[in-house]
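Nothing in this text is a laboratory measurement; each read-out follows from the coordinates by a stated rule. Computed from a prediction, not measured in an experiment: that's the story for all the values here. Counting neighbours? That spans all protein chains shown, and the Cβs are built from the backbone with ideal geometry, glycine included.
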Amino acid sequence: MADTLYRNMEQATLEREYNARESVASYDDEHARYVAESARVQRTHRVVKDIVYDPQSGEMLDLYPAGKDCPVFLWVHGGYWRGGSKEDNAFAAGGLVPHGVSVAVMNYTLAPQADIAEMVRQVRSAVAWLKHNGFAHGIRTDRIHVGGSSAGGHLVGMLLAGGWTERFGLPDNILGTVLALSGLYELEPLQHTQVDGWMRFTKQSIAGNSPMRLIPERSEARLIASVGGLETSEFIRQTRDYADAWNAAGHAVQSIDMPAHNHFDIALSLTEPQGALAKAVRASIASPVAGEAA
């Protein structure tokens, strides 16, 4: 009998639960839709390409402006920290720019070239760049709104963690709306899967980079959490548990059911201006925080 390693699951079960590509009929078909929709958005929307947001790494983002004095939404792609790019994630701008939300789509250095801590630093650096430089691009910088899927969901969870903003010259309340899709908020089970082959997790890196363990006591950010109903039970549980923990801490959270979506097309639905996620993000951004004017 195989040893259980995490939540009474043996390695074979953990591999199956955390193998996102095997949870769909054809990952190649799903990725091809990302590429096609991103190409369409790049053809039909104005874009300022290849802005270096982090001089230390040289990593870049693309900015899809919605107009002067519009809020901005930073999209962090998935790909299990070793794949994906701003080029094949331009689709994220498709459903938000029509709502008057400028969208920045970023790259970050992938594994194994970068470890998880460096990726987290880069995503935080992107938020800082938007805050400090966004005005020159017509962006409202009072709040930076963010979103990500899968590994990107993990990275936006690390933006929600407390204790980092001062090092980047940011106010504690810099984050506004945070869209977290199908994220990996507790890293411990991944050390028992193939993902550890390229991430090389340690006890320290897991403890220091698991958003589930780093929920701040105070936060004005509004979490919108969602996961596809066709995803594996562990991806569904991780999102549910994280949303529940955020709510238990007294923070604002909205959970959106997406029962007909899988691990990949849930993010792709952001290309739809009237889709559930785009509308929820826009409504949350438009609604003032208590004590603020509309």
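Sorting check: for 211-221, 22-32, which peptide has the highest mean count of neighbouring beta carbons within 10 Å, and how do the rest follow?
Packing proxy ranking, top to bottom: 211-221, 22-32.
Cα centroids of region 252-283 and region 174-223: how far apart, whole angstrom?
21
Along the Cα→Cβ direction, 7 angstrom out, place labels at residue 27 and residue 255. What is the inter-label distance in nm?
Placing both labels 7 Å beyond Cα along the Cβ direction yields 2.8 nm.
Who wins for biggest fluctuation among 182, 233, 102 in a Gaussian network model of the chain, springs between alpha carbons below 10 Å?
Evaluated over the chain, the most mobile residue of the options is 233.
Between residue 43 and residue 109, what is the label-to-label distance in nm when each label sits 7 Å out along the Cα-to-Cβ direction?
3.6
Starting from the Cα gyration tensor of region 67-188, take the square roots of the eigenvalues, sort them a ≥ b ≥ c, and report rounded, prolate or oblate (rounded when a/c is under 1.5, otherwise prolate if a/b is larger than b/c, else oblate).
Oblate, since a/c reaches 1.5 and b/c is not below a/b.
Rounded, prolate or oblate, given the Cα gyration tensor of region 116-256, with a/c below 1.5 counting as rounded?
Values: a/c = 1.78, a/b = 1.38, b/c = 1.29.
Note, shape of region 116-256 comes out prolate.
Assuming R0 = 25 Å, what is the FRET efficiency of residue 3 and residue 207, from their Cβ-Cβ distance, to the nearest 0.05? Write down the numbers at each step before the final one.
Details: r = 22 Å, r/R0 = 0.90.
Result of the calculation: an efficiency of 0.65.
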